[in-house]
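J.: My questions all concern the structure below.
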Amino acid sequence: VLGGPQDDDLTGVHVVVTAGGTREPLDPVRYLGNRSSGKQGYALAEVAARRGAKVTLISSSSLPTPAGVDLVQVETALQLREQVLATRADVVVMAAAVADFRPAHVSGTKIKKTHDAADPDAAPTVELVRNPDILVDLVQRRADASRPVIVGFAAETGDQNGDVITHARAKLERKGCDLLVANEVGDGVTFGQDDTTVHLLRRDTPDVTTIGPASKSAVATAVWDAVLPLVRTS
Ligand code: CTP
Ligand code: CA
């Protein structure tokens, strides 16, 4: 891509990319997490920077920061939400795997194996509460219907209620974002894997673009190609 015709087509565009799986603490040494590597979000940030965008990467991953990208490190869904809502960008890409739930109580001290003297063999029960849906918040807080452009991600499998694209279309409508990147998962193939197949769905057309199996960098290029016509700066 370096030296290619796409160079600098995102100049003057401020993009925010979120990446990685959030970590929801239970106590000072433990958290609830997920298997998201963050690689797709980092590829999106890297490609956008190479194409001239001003890039803010809000991440709960510890991958190396791509060249020309401003990193904001977060850990939890609530921290990620605070940072994303504080930005004023032209495009927000929610590639992060945001935990749907977090422990209702975070212990200030390490939870001991024997936590109940009356019943030394008891195991604790972890109560969870829902995290806010950041993507939905972004859409609802948008003052102008076309700015920022909001991109969601979804890992989907087909099931008895419909195929991957049917589920993805329903999610796009539910969330109200402009573009949804649907990852085909299943058979344990996607997480951490280098090549993926994704479907790009836009809210303004029933057409679906399928990419892959392709590298995360090729997927990132295709996502920015799809975002570019929706961007309105100034
Ligand atoms: N997302 C978010 N805030 C959450 C959960 C998800 O912003 N609390 C975003 C993700 O970053 C992603 C999109 O919403 O861009 C879809 O996430 P997904 O987990 O597929 O959707 P959910 O609505 O959580 O549905 P599911 O029950 O399938 O997990
Ligand atoms: Ca979810």
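J.: Could you work out [θ]222 nm for the chain from helices alone, using -39500 (n - 2.57) per DSSP H run of at least four and dividing by all its residues? Round to the nearest 500 deg cm²/dmol.
T.: Calculated from helices alone, the mean residue ellipticity at 222 nm is -7000 deg cm²/dmol.
J.: Starting from the Kirkwood Rh over alpha-carbon pairs, what translational D in µm² s⁻¹ does the stretch 68-166 have by Stokes-Einstein at 10 °C and 1.306 mPa s?
T.: The calculation lands on 93 µm²/s.
J.: Holding the Cα-Cα limit at 30 Å, pick out from 39/175; 39/113; 113/171; 54/175; 39/112; 175/216 the pairs that are longer than that.
T.: 39/113; 113/171; 39/112
J.: How far is it, in nm, from the label point at residue 233 to the one at residue 127 when both lie 7 Å from their Cα along the line to the Cβ?
T.: About 5.0 nm separates the two model spin labels.
J.: Using a Gaussian network model on the chain with a 10 Å cutoff between Cα atoms, which of 198, 106, 47 fluctuates the most?
T.: 106
J.: So, one more: Per residue, what volume in Å³ does the Cα convex hull of the stretch 114-224 take up?
T.: 179 Å³
J.: Over the Cα atoms of the chain, each weighted equally, I'd like the Debye log10 I(q)/I(0) at q = 0.11, 0.17 Å⁻¹, rounded to two decimals.
T.: Here the Debye-derived log intensity ratios amount to -0.58, -1.26.
J.: What does the accessible area per residue of the stretch 113-196 come to in Å², with a 1.4 Å probe and no ligands, DNA or RNA counted?
T.: Spelled out: the 1.4 Å probe surface of the stretch 113-196, per residue, equals 59 Å².
J.: Roughly to the nearest percent, how much of the accessible area of the chain is carbon and sulfur, given a 1.4 Å probe?
T.: Carbon and sulfur atoms account for 49 percent of the accessible area of the chain.
J.: Still on this structure: Checking the a/c ratio against 1.5 first, then a/b against b/c, what shape does the Cα gyration tensor give for the stretch 1-90?
T.: prolate
J.: Right, another one. Counting only heavy atoms of the protein chains, get the accessible area per residue of the stretch 49-106 (1.4 Å probe) and round it to a whole Å² value.
T.: That works out to 46 Å² per residue.
The values are calculated or read from the model by the stated rules, or taken from the named source; none is laboratory data. These numbers come from a predicted model, not from an experiment. Here the Cβ is made from the backbone with ideal geometry for all residues, glycine too, and neighbour counts use every protein chain on show. Just the protein is used for accessible areas: all its heavy atoms, side chains included, with ligands, DNA and RNA removed. Shrake-Rupley method; radii C 1.70, N 1.55, O 1.52, S 1.80 Å.
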